[in-house]
Structures are given as C-alpha cells and as structure tokens.
1. Mind counting the residues in region 124-147 that are among the charged types (D, E, K, R) and either modelled with pLDDT under 95 or surrounded by 12 or more Cβ atoms within 10 Å (Cβ to Cβ) (or both)?
2. Output the number of residues of region 279-311 satisfying the condition of being in contact with a helix residue (DSSP H, G or I) (Cβ under 7 Å, 6 or more places away or on another chain) and exposed (fewer than 15 other Cβ atoms within 10 Å of the Cβ).
3. Here are some residues: Val482, Val494. Which one is crowded, with 18+ Cβ neighbours inside 10 Å and modelled with pLDDT of 90 or more?
4. Applying the selection to region 514-525, what residues are assigned to a strand (DSSP E or B) and either open to solvent by 50 Å² or more (accessible area, probe 1.4 Å) or out of contact with any strand residue (DSSP E or B) (no Cβ under 6 Å at 6 or more places or on another chain) (or both)?
5. Of the residues that make up region 399-419, is at least one open to solvent by 70 Å² or more (accessible area, probe 1.4 Å), within 23 Å of Ser362 (Cα to Cα), at pLDDT 90 or above and in a loop (DSSP other than H, G, I, E, B)?
6. Those residues that are of a type outside the set (D, E, K, R) and at pLDDT 95 or above, I need them from region 461-477; list them, please.
7. Would a scan of region 48-67 turn up a residue that is assigned to a loop (DSSP other than H, G, I, E, B), acidic (Asp, Glu) and in contact with an Asp or Glu (Cβ under 9 Å, 6 or more places away or on another chain)?
8. Which members of region 179-193 meet the condition of being in contact (Cβ under 8 Å) with a residue 24 or more places away in the chain and assigned to a loop (DSSP other than H, G, I, E, B)?
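The values are calculated or read from the model by the stated rules, or taken from the named source; none is laboratory data. Since the model is a prediction, treat every value here as computed from it, not as a measurement. For neighbour counting, all protein chains shown are included, and Cβ atoms are generated from backbone atoms with ideal geometry for every residue, glycine included. We work out accessible area using only protein heavy atoms, side chains counted, and drop any ligands, DNA or RNA first. Shrake-Rupley method; radii C 1.70, N 1.55, O 1.52, S 1.80 Å.
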Amino acid sequence: MKKLLILLLAFLLCISTSQETMATEGWPANYNGVMLQGFYWDSFSDTSWANLESQADELSQFFELIWVPNSAYANASSNNMGYHPVYWFDHRSAFGTEAQLRSMIKTFKNKGTGIIEDVVINHRASVNSNWLNFPRETYKGITYQLTASDICQDDEAKDNGYKPTGAKDTGESWGGARDLDHTSQNVQDNVKAYEDFLLNDLGYVGFRYDFVKGYAPKYVAMYNQAANVTYSVGECWDGNKTVVTNWLNGTKQDGKIQSAAFDFPMKYYINDAFAEGKWSRLSAGALCDDNSYKRYAVTFVDNHDTGRFSECPLYANVEAANAYILSLPGTPCVWLSHWKTYKTAIKKQILIRRAAGITNQSQILTQQASAQGFTLCVQGTRGKILLLLGGDTENAGNTAQDNYKIALEGTNYRLYVSGNVDLSALDDIKEDTFTAPDCCTVNEGEVCAFFEAPANSTWSTVKCWAWDSKNNYTGGTWPGAVCTKVGTNNGNNVWKWSYSGTLTTVPTYIIFNNNNNGQQTPDLDFHNGGYYTEAGALQGIVTGIKAISADSPSSDNRYYNLNGQQVVPNRPGIYIHNGKRYIKR
C-alpha cells in the first residue's frame, strides 16, 4: 500500500511538473486562438478601458486574447501611449483608472478572453527631470526602487551630467529613457515582482514584450520562468528571419523556446505581395511556415507602429491580407483599425478558421505563386482551407474541385473549405450597418469625405490631402486643404472635406492630418462620402440613402458603387440606386 502511495505521489508530481513546463514554454502547442491588438497610436478615447469593456460581448466571441497598451503610470500631465513608464505598480494611465482597468480585465476573463499587457522593461523613465530619479514602490510588503547602478553604463545619461554605473547594455540602446541593466539582481527582482503583480494581482494572462532587441533574450526566459506565464510574445522588429529565430533560440531553457515572436518577416512579405504584386514573397520563408517555429509565430498585417507609416501601403488589399494570416499556421493578431473597418469580413474569416480547425501548428499542404496571385492550402483538424489571392481568384473553377465549397470572397481573394467543414456559424454574421450623424450631408454630384477625431485631442485644425496617380485634389502643397468642422458625434468632432476644383474624376487615396502637427491617418482608400475615424477606419458612406432595396430595380437604370462611380451591377454586391442601397445577390 505504501509503495502504491509513493507511485501515485510520483505520478502526480510528474503531471504537475509537466503542466508547469508546458505553461512556461512561451506559447501553447496546437493553439487555435486569435488575438486582437486592441489599440492604435493615440487611441486614448477609442480604446479606453471603459470603452473596450463595453465591447466585451462582441469581442469575446471572436478573440481569445486581446493585447492592450502598457497600463502603468507614465505621465500625469499629458496623454501618452505608456512606452516610457515611470511606475510599475501604479496603473493609472491615459486609458483610464486602475479600477477601470481591473474591471475591464475581469469582464473579459469572465467571458473567456484573456488580456495581454504591453510590458516595457528595456527602459524606464524617471520621476522628474533628474534622469536617474526612480520612484519607491511597495508590493507585498517589499519596497522596490531602481538606482544609478541599475542603469547601463553606456546609457546616454552619461553624456548629460549623470553617472549610471551598471554593466554595459546587453542589447541595443534606446534613446528615449534609461536603459535597464538586466544583469543587475535588483533589476531582476523589480521585473519579477512587476510581472507577478500583472498576472496575479491585476489579472493579465500574458505579456507582449516591447523592444526585445534592447536586452539579451535569456532575460525574457528568466522572467517568464519566474512568472510561469502561458502567453509571451516578443517584438523583435526585424524583417530578417534569422534575426528573429536567433532571438527565439536565445530564450531557450532546457532546450525549449520560452516565448513567441511577432512574425515580422511575414509582415514585410505581405507588404511586397499585396502592395506590389510580388506574390512569390509569400513563400520566401517566414516563422509561420517553418515547422520548427510556427508554434511561436504571431502573424499580423499591421500594428500601431507599421500602420502609421505609408512607405508600402496595402490599400484595398487589407481584407485579403487578413484572410491570408487567418488561414495560416501561427497565431493571427488582428489590428483594431482593420477590425473596425472590415469587421464583418474578419468575423467570417475567424469563424472559417475555427470551423476548419486551423491551429498555430497546422500543416501547409501547398503554397504556390504565379505572376498574378497566390494559392494556399492548409490542413486543419476538421478540414482544409483553400485561399486564392490576387489574379488567381479568376482560376477558382479550375483549382477548387467538387471537394471544396466557397466560404467567403472579397476584393482580390476567394476562400474555400473542404466539403466536410460546417459553415453554419457564418449564418449568424450580419452586415454592419452605418448611420451617418445628422451633421453629415452630401450634395448631388459632390466629391467629399468626413473625418471624426476626438474633441479633446490635438486635432484642433484638420487638413486633407487627396490624390490619384495624375492629380492632387487638395492644392498640391502639403498638408493640403482645410476641412470644415460640421458637428459632433458621440462627443467627437466631425470634419468635412469637399472638393471645389474642376476635375471630373475622384481621388484614389486620402489622408487627414492635424495641420502637420505630428498626427495623421495612414494613406486611405478614397470613398466618395466616406466617413473615417482617427484610426483611418472607414465606418461607412454618407449617401443620403433612404432605405434598403434588395433585388428590386426600378425604371431608372443608373447604378453607382460606393465610390460614387456609375457602374453596371453585374456582380453580387452593394450599389446605390435611386438614392437607396441596392443589394445585388
């Protein structure tokens, strides 16, 4: 009997040890969840903790994880994104109070969605203008404080009258705040206590590590082991796959990788393929199509940083690019701006992924590029996904045989699943409706656009820059034409730009900026009468539509697309007819 009890205890210990090891391997194996990046740059009002919590019923249906901005107290005098935190145990922020943060985390947890914290431990800001003045904070009865000996000796503070005395930086330097010396036992103790507070007091379920190039990857492994965290992903911002895999390998403990990483190589391949037609780049080799690393690949189309830049814009292919990452192995991370703009399509893409049983370790069966597009086939636990991109969608009849059925299609993509996959969940997804504020009007023949910006932000003067390949519609001198404030909507200011020139065409692209004072939207597809948010999300079209007409044309044969261009409605879609929305089925 005694021997039996010993064997039982040993068995239970093995199970416990195994579970702990699995929990600290950086990211779960065969994980089928999807993550949302729940913010964009300067999204203080839109993604306040209270506003995110108000969307919990909807978001929790589609996302198992939501990554939010750093919530630690950074600066009481102005809004900021939290990337130069001053405190680690005080979580007042530009996004809300600590009480609101706790409420938001708890609400999502109760609905089965975990919140990921943006952890900034490469660097830290000081309390005041003294670069090496860090606060004293107490957690679980222990006082924590950094000193000059915890700052890397090669930090730029040394060139500004201060004397940091830590070891040399184990990674790249960061000029905006003091680089922490992670070889210091005091720094390690501070970080471990901070992460314990995040997980076990505030209720976060995981970490997104900011700027991991700033310190050796072995410290991420150390901190994750101490925290026993399930979800960890590092921002190793580099398009070179070898750099990212070297970082992943650098986190190994006992031969096991201890963190996931954002698939930046794939992000840049997506830019090349969808924006420039270089479809072969999609099979150039990224984390998510490498059997050794796909478990640890967090794929994305854009984020709060890349979405602010326009050197390689995706334009009309954003929806197709999201269909691509949601068909791949790895863990897809959808950006909030894309979610807001293409919500209906992305909901369906997530449900299709779920229905086919695609996980972060699913097998890519085929991926083939042509001069016109790309074909991808992935095996899930419940069936296959077949995705046709670009011009290859024209060959759908030849590629998708009787064992596939159409699941979803949009601009430059068609998504199929094998015949055994149950798509009934898609029936519950309804088209989002848009009701323009009463202050928005469009005159007959007018070329215009609307822009909504927070009233309490720096958008006190809004200008517009609109263009196509041949013409500029806003004067040709940056920052463009002045917009008119026409009213408010939900406490935000609504601005209107209206073209007053002689051109008979309409722009292809449009940007809104705050009079060139540091904020602007990304390059956006122009839609006549389009209603855009600060994030660059197209909320809908202001058309003066009176009602919905489905498959009921009248004697007036003029039809218009949502750009205001007259067309022949020979394909399924939404058109404008007699001042009403006409749905061609």
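1. 2
2. 1
3. Val494
4. Gln520, Asp525
5. No, region 399-419 contains no residue that is open to solvent by 70 Å² or more (accessible area, probe 1.4 Å), within 23 Å of Ser362 (Cα to Cα), at pLDDT 90 or above and in a loop (DSSP other than H, G, I, E, B).
6. Residues satisfying the conditions are Val462, Cys464, Trp465, Ala466, Trp467, Asn471, Asn472, Tyr473, Thr474, Gly475, Gly476, Thr477.
7. No, every residue in region 48-67 fails to be assigned to a loop (DSSP other than H, G, I, E, B), acidic (Asp, Glu) and in contact with an Asp or Glu (Cβ under 9 Å, 6 or more places away or on another chain).
8. Asp181, His182, Ser184
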